[in-house]
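Single-structure report; data block below.
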Amino acid sequence: MLVIGLMSGTSYDAVDAAAAELRLAGDTLLLKPLGLVSTPYDDELRGALAGALPPAAVPLARVCLLDTRIGQAFASAAARADRELCGGRAELVASHGQTVFHWAEGGRVHGTLQLGQPAWIAEATGLPVVADFRPRDVAAGGQGAPLVSLVDLLWLRGRPGTPVALNIGGIANLTAPDGTAFDTGPGCALMDAAAREFTGGRLAYDVDGALAARGRPYGPLLERLLADPYYALPAPKTTGKELFHAGYWQAPEGLSAEDALATLTELTARTVADAVRGVGATEVIASGGGTRNPVLMRLLRGLLPKTPVRASDELGLPAAAKEAYAFAVLGFLTAHGLPGTAPTATGARHPSILGSLTPGRDGLRLPPRASNPPVRLRVE
């Protein structure tokens, strides 16, 4: 089956569309990557989205506008991926949508909201769409994240030692082979917010870590941030910009942009490294936008001198596209009547078949239900 996976993470900079050929061979799910196209949000939509994220108060009219405009952006990305990567032969679209609120309170997740109306995707492509993946796991008592954990577990099964999959997006998360999975804390979210603040919006992020490289971490601020109670919570746990938003870190007066970025980059590196050590990792397979920040990755490797940190590209999944491919896999599993969660990772009472289905132009023509879920994923 040719599946397009759509993803826009907590950095909300673009819609990534990855195409994959997926098929079941016994107990193995085979994934052949067909490529990635990335379509940036236009400035107007990105600004509207930024103004609607926590801690902002948002009228329902703005929610409706965003649901429509994000859905149209996802639809355009899906149509482009079908045309450029699949030759117009795609059979299914799996859309993560854009997370705008993740209601975590008291160690539990009570609800989660992803915008990007899938009807626009179905209309633009003519294909059935699986969307709204997270709520089913939340309804089953889970955290609704990190949902890529099941894909990570299948993908890394059989590797020696204790390999850990790490994704550094706006929020960073990891998956360990025993099924432990959680958000470690901020990935690029605070760094990106600081870059925008100090440059008056000229920079959306610290390009190549250049600002951080010229600064020094400010000790009192770093120690205050490291004392956040989130880091001491047991797994499974998830977080988002409801906590780690632009106003979270409150820079001391007179702190330079360079020192601020150095401090926030150190915060991400330390909290990720602490989490990696906490699960006894023998290697780290890293993906996400944060892997493109050489300063962050240098700090992380320095904090984990005995633990190799390598890009997911070395195992066949491009670091920039891994999450989009993961949602293509989850959509494939849903279409075949298979669960897309690992309860040990999310804390749910049971595995769940994820998402809601929007029919394509020809209605719902799903493949026969698979008899057994795969136990491993192999990238061809």
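The values are calculated or read from the model by the stated rules, or taken from the named source; none is laboratory data. The structure displayed is predicted, hence computed values, not measured ones. Backbone-built Cβ (ideal geometry, glycine too); neighbour counts: all protein chains shown. What goes into the accessible areas is simple: the full protein's heavy atoms, side chains included, and nothing from ligands, DNA or RNA. Shrake-Rupley method; radii C 1.70, N 1.55, O 1.52, S 1.80 Å.
Ranked by solvent-accessible area (1.4 Å probe, protein heavy atoms only, all chains present), the residues Asp152, Asp16 order from largest to smallest as Asp16, Asp152. Our coupling estimate for region 108-125, obtained by passing each phi through the Karplus curve with A = 6.51, B = -1.76, C = 1.60 and θ = phi - 60°, is 10, 9, 9, x, 8, 10, 10, 9, x, 3, x, 4, 5, 5, 4, 5, 6, 9 Hz, Gly and Pro reported as x. What the pair-distance distribution of region 205-257 shows, using all Cα-Cα distances binned every 5 Å from zero, is 4, 13, 20, 24, 20, 12, 6, 1 percent. Shape class for region 53-158, computed from the alpha carbon gyration tensor (a ≥ b ≥ c): oblate, with a/c not under 1.5 and a/b at or below b/c. Under conditions of 25 °C and 0.890 mPa s, region 104-216 yields 143 µm² s⁻¹ as its translational diffusion coefficient, taking Rh as the Kirkwood radius over Cα pairs in the Stokes-Einstein equation.
Evaluate E = 1/(1 + (r/R0)^6) for Thr28 and Arg108, where r is the Cβ-Cβ distance and R0 equals 45 Å; express this FRET efficiency to the nearest 0.05.
It comes to 0.80.
Database remark: amide H of Gly240 closer than 5 angstrom to no amide H (H placed geometrically; neighbours at sequence offset of 5 or more, or on other chains; Pro and chain starts carry no H). Fraction of C-alpha pairs exceeding 21 angstrom in region 1-115: 45 percent, rounded to a whole number.
Taking Cα centre as origin and charging only the Cβ of basic (Lys, Arg, +1) and acidic (Asp, Glu, -1) residues, the dipole magnitude of region 293-380 rounds to 220 debye.
A 1.4 Å probe run over the protein chains yields, for region 261-380, 42 Å² of accessible area per residue, whole-number rounding.
Evaluated over the chain, the count of Lys pairs having alpha-carbon atoms less than 30 Å apart is 5 (only pairs 8 or more residues apart or interchain).
Note: region 226-376, Cα convex hull, 181 Å³ per residue. Amide H contacts of Thr184 (H built 1.01 Å from N, in plane; Pro and chain starts excluded): Ala172, Asn173, Leu174 sit under 5 Å, all sequence-distant by 5 or more or on other chains.
Using 0.36 nm per residue and subtracting the Cα-Cα separation, the extra length available between Val379 and Val207 on full extension is 58.8 nm.
Taking 0.36 nm per residue of separation and subtracting the current Cα-Cα distance, fully stretching the chain between Arg369 and Arg216 would add 49.5 nm.
Each of Lys306 and Ala61 was given a label point 7 Å from its Cα along the Cα-to-Cβ line. The distance between the two points is 6.1 nm. Orientation-averaged projection of region 221-298 equals 6.1 nm² [convex hull of Cα atoms, one quarter of hull surface area]. For the pair Arg349 and Ser256, a Förster radius of 45 Å applied to the C-beta separation gives a FRET efficiency near 0.35, rounded to the nearest 0.05. Given +1 at the Cβ of Lys and Arg, -1 at the Cβ of Asp and Glu and no other charges, the dipole of the chain around its Cα centre is 760 debye to the nearest 20.
Accessible surface area normalised per residue over region 1-72 is 41 Å², counting heavy atoms of protein chains with a 1.4 Å rolling probe.
Ranked from largest to smallest solvent-accessible area, with a 1.4 Å probe on the protein heavy atoms, Tyr325, Tyr205 come out as Tyr205, Tyr325. Can you tell which of Leu315, Thr291, Gly340 lies farthest toward the positive end of the dipole of region 249-380, using +1 and -1 charges on the Cβ of basic and acidic side chains (Lys, Arg; Asp, Glu)? After comparing all options, I get Gly340. Karplus-derived 3J(HN,Hα) values for region 177-182, using 6.51 cos²θ - 1.76 cosθ + 1.60 with θ = phi - 60°, are x, 7, x, 5, 8, 6 Hz; glycine and proline are entered as x. Any idea what log10 I(q)/I(0) is at q = 0.15, 0.19, 0.31 Å⁻¹ for region 37-82, Debye with uniform C-alpha scatterers and no solvent? Calculated log10 I(q)/I(0) at the listed q: -0.42, -0.62, -1.14. Expressed to the nearest 5 percent, the antiparallel share of DSSP beta bridges inside region 1-147 is 75 percent.
Under the convention that each Lys and Arg Cβ holds +1 and each Asp and Glu Cβ holds -1, the size of the dipole of region 243-301 around its Cα centre is about 280 debye. The antiparallel fraction among DSSP beta bridges confined to region 60-200 stands at about 85%.
For Ile353, the residues whose modelled amide H falls within less than 5 Å of its own, excluding neighbours fewer than 5 places apart on the same chain, are Gly340.
Give me the percent of DSSP beta bridges within the chain that run antiparallel, rounded to the nearest 5. Before the final figure, lay out each step's value.
Details: 38 of 58 bridges.
Expressed as a percentage, antiparallel bridges in the chain total about 65.
Carbon and sulfur: what percent of the chain's accessible surface (1.4 Å probe)?
Here carbon and sulfur together make up 53 percent of the probe-accessible area.
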